[in-house]
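The values are calculated or read from the model by the stated rules, or taken from the named source; none is laboratory data. Please read these numbers as outputs of a predicted model, since none were measured by experiment. Using ideal geometry, Cβ is built from the backbone for each residue, glycine included, and neighbour counts are taken over all protein chains shown.
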Amino acid sequence: MQPMISFKNVNKYYKDFHALKNINLSVYEGEILCIIGPSGSGKSTLIRCINKLEDYDDTGEIIVNSSIVRDEKSLKAIRKEVGMVFQSFNLYPHLTILDNVTLAPIRVSGLSVVEAKKIANNFLTKVGVGDQIKKYPNQLSGGQQQRVAIARALAMQPKILLFDEPTSSLDPEMVNEVLDVIKNLANTGVTMIIATHEMSFARSVADKIIFMDNGSIIEVGDPVQIFDNSQEERTQSFLNSVYVK
Ligand code: ADP
């Protein structure tokens, strides 16, 4: 089976700082991959290379659904297939919730306003904010805004969803409402890559976990292997410092 996403010998430098070190990784259709590791280990950079928010070195290759992530030609296809949810929501503050979600389906996918509204309403209801559509982002709680951001990504009906620490800027009481929405997507067939500091969540939702440190993938495994049977001292000491079983 062809992977939905593959990294082959991927390196990334910020000037002379080596942020991704020889990354090799395959993610298959429908798989849920969680990326864990200390702050600054490269989780966000790895995710951002997938939809070309960051460039990577010419020596390696990232392939997304058969397209090489490199030139402008492949970029349009990749951006259509790959949705992203950011740490800080990134909703358009001057647009209503409904307009935030219909914008890309109308502008990028060419849907009619009527079709786009139908899809937007469907996904906004699914994530529990269907009654908020006329409001503006700053009238919603952080948890609600992040759920709108998830609906906005879903409205493009992507094959792949990227989550870059989706709960890191939320107040603690809002973390679970967002994690529950993400968990509910896990069996819909969409391929998901999630950078997260929420270890219990990663353990319960992931098919595969990678532990990163200092720009490298230190260990790959299923949740049981990583959390209960890790073979790497660095993984164990990270988990001992952040995770109480
Ligand atoms: P994580 O998501 O694991 O916290 P990041 O991918 O954000 O890690 O960052 C990895 C490393 O790259 C960090 O040391 C960070 O300071 C550095 N870095 C990230 N973005 C930039 C940038 N735009 N310019 C320079 N260094 C960066």
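Away from the ligand (no atom under 16 Å from the Cβ), surrounded by 15 or more Cβ atoms within 10 Å (Cβ to Cβ) and either part of a loop (DSSP other than H, G, I, E, B) or among the β-branched types (V, I, T) (or both): is that true of I78 in this structure? Against the criterion (away from the ligand (no atom under 16 Å from the Cβ), surrounded by 15 or more Cβ atoms within 10 Å (Cβ to Cβ) and either part of a loop (DSSP other than H, G, I, E, B) or among the β-branched types (V, I, T) (or both)), I78 qualifies.
For every residue, the table says whether it meets (1) more than 23 Å from E81 (Cα to Cα); (2) not hydroxyl-bearing (S, T, Y).
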{"residue": "T102", "(1), (2)": "no, no"}
{"residue": "E115", "(1), (2)": "no, yes"}
{"residue": "A120", "(1), (2)": "no, yes"}
{"residue": "D131", "(1), (2)": "yes, yes"}
{"residue": "N138", "(1), (2)": "yes, yes"}
{"residue": "Q146", "(1), (2)": "no, yes"}
{"residue": "L162", "(1), (2)": "no, yes"}
{"residue": "N176", "(1), (2)": "yes, yes"}
{"residue": "A186", "(1), (2)": "no, yes"}
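Cβ-Cβ under 7 Å, sequence separation 6+ or interchain: first residue in the stretch 28-57 and free of Cβ contacts under 8 Å to residues at least 60 places away in the same chain and closer than 13 Å to V69 by Cα, partner hydroxyl-bearing (S, T, Y) and more than 8 Å from the ligand (Cβ to nearest atom). Which pairs? Every condition considered, the pairs that remain are C49/Y56; D57/Y13.
Among the residues of the stretch 202-219, how many are within 15 Å of the ligand (Cβ to nearest atom) and in contact with a Pro (Cβ under 9 Å, 6 or more places away or on another chain)? Final tally of qualifying residues: 5. Beta carbons closer than 7 Å, at least 6 apart along the sequence or on distinct chains, pair a first residue in the stretch 180-201 that is closer than 21 Å to N51 by Cβ and of a type in the set (A, V, I, L, M, F, W, C) with a second that is within 16 Å of the ligand (Cβ to nearest atom) and in a loop (DSSP other than H, G, I, E, B) for I182/P166; A195/E165. Here is a check on your reading of the model: is L140 crowded, with 20+ Cβ neighbours inside 10 Å and modelled with pLDDT of 95 or more? Taking the combined requirement at face value, the residue does not satisfy it. With a requirement of 3 or more residues that are of a type outside the set (D, E), modelled with pLDDT of 95 or more and surrounded by fewer than 20 Cβ atoms within 10 Å (Cβ to Cβ), the strands (runs of 3 or more DSSP E) lying completely within the stretch 171-245 that satisfy it span 216-221.
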